[in-house]
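These notes are about the structure you will find just below.
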Amino acid sequence: MLSLAAFSGLASCNNDAKLNGVIAVESEFETTAEGWQGGFAGYASATPDTILDLTSERARLPAILDSTRYGFKTEGNNSSDVMFMFVKKKITGLRPGTTYSVTFNMTIGTQYTDKTAGTSPGNNTFIKAGASASEPIVTLLGSGIYTINLNKGNLAEGGNQMAAMGNISNGLDGNEYRLVTRSNGDNPVTVTANTNGEVWLCVGTDSGYKGLATLYYDRIRAELTMQN
């Protein structure tokens, strides 16, 4: 009984579980950030911090969604071509050198309609999710632009390491916060665990909208299925 209780406590602490050969990783951010870290890429190093307004942190949801609950907030002011705002988490305990199929199901808080005329965050900011064997790292190019070492594709298109899952539209006629779901269940990504049995999950938004965009990850669930 003692050993079973200890295992149950560990599983509830990290929200990771193995179910019928599928490793499920689920985060709801109610007590901690649960190992997720934020970052930004695609912007110019010369842009002043006061213009960028970069925020990446666990925070209460907006009142209209339920301010007694928490999510992971990402916010940035895109003043260049494309800004990539992302969160990442390392997963351990996998079989080294083994390939996994990864699907995501997420609930996000967004306030943007895609029904306005012209470009808006709702119709020109795109959700992506994926995985890599090495940590997603942001580096500065000689051109003065920060870039990330992921093949994520550009805007609405996914890449080899990240699947595109549509835009951040709230599905309403106006700008009002609403929880929406996004999934890549019909387009999983594959990743091979490194020699330490690790992979990194990454979820983010690719934005071609020039202006401020704010998003809350209310729930992120990833399932890693070992390939035969």
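Structure notes:
- So residue 77, is it in contact (Cβ under 8 Å) with a residue 60 or more places away in the chain, within 16 Å of residue 210 (Cβ to Cβ) and not aromatic (Phe, Trp, Tyr): yes
- For the range 82-93, filtering for residues that are out of contact with any Cys (no Cβ under 8 Å at 6 or more places or on another chain), under 12 Å from residue 206 (Cα atoms) and assigned to a strand (DSSP E or B) leaves 3.
- When the range 209-223 is filtered for residues that are within 13 Å of residue 102 (Cβ to Cβ) and surrounded by 22 or more Cβ atoms within 10 Å (Cβ to Cβ), the ones remaining, listed by number, are 220, 222.
- Pick from the range 189-208, criterion touching a Phe, Trp or Tyr at 6+ places or on another chain (Cβ under 9 Å) and surrounded by fewer than 21 Cβ atoms within 10 Å (Cβ to Cβ), ranking: nearest to residue 106 (Cα to Cα): 190
- Residue 60 meets all of the listed conditions (1) crowded, with 19+ Cβ neighbours inside 10 Å; (2) without any contact (Cβ under 8 Å) to a residue 12 or more places away in the chain; (3) charged (D, E, K, R) but one, namely (1).
- Count of residues meeting criterion [closer than 30 Å to residue 192 by Cβ and in a strand (DSSP E or B)] in the range 95-124: 10
- Some residue of the range 184-202 being under 11 Å from the mean Cα position of the chain (by Cα) and among the small types (Gly, Ala, Ser): no
- Of all residues in the range 179-188, exactly one satisfies the criterion of being of a type in the set (D, E, K, R) and surrounded by fewer than 17 Cβ atoms within 10 Å (Cβ to Cβ), namely 186.
- There is no residue in the range 210-217 that is farther than 27 Å from residue 111 by Cα, aliphatic (A, V, I, L, M) and touching a Ser or Thr at 6+ places or on another chain (Cβ under 7 Å).
- Within the range 174-207, being out of contact with any Gly (no Cβ under 9 Å at 6 or more places or on another chain), under 24 Å from residue 62 (Cα atoms) and not in a strand (DSSP E or B) holds for 174, 176.
So that you can scan it fast, the table gives a plain yes or no per residue for (1) more than 15 Å from the chain's Cα centre (by Cα); (2) farther than 18 Å from residue 85 by Cβ; (3) surrounded by fewer than 17 Cβ atoms within 10 Å (Cβ to Cβ); (4) touching a residue at least 60 places away in the same chain (Cβ under 8 Å):
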site	(1), (2), (3), (4)
118	yes, yes, yes, no
144	yes, yes, yes, yes
153	no, no, no, no
157	yes, no, yes, no
160	yes, yes, yes, no
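- Of the strands (runs of 3 or more DSSP E) lying entirely inside the range 30-81, those carrying at least 2 residues that are of a type in the set (Phe, Trp, Tyr) are 70-78.
- Selected residue [in contact with a strand residue (DSSP E or B) (Cβ under 7 Å, 6 or more places away or on another chain) and closer than 25 Å to residue 52 by Cβ] from 225, 192, 205: 205
Here, each number is a calculation from the coordinates, and none is a lab measurement. Note that this is a predicted model, so its numbers are computed, not measured. Note that we place each Cβ from the backbone using ideal geometry, even for glycine, and neighbour counts take in every protein chain shown.
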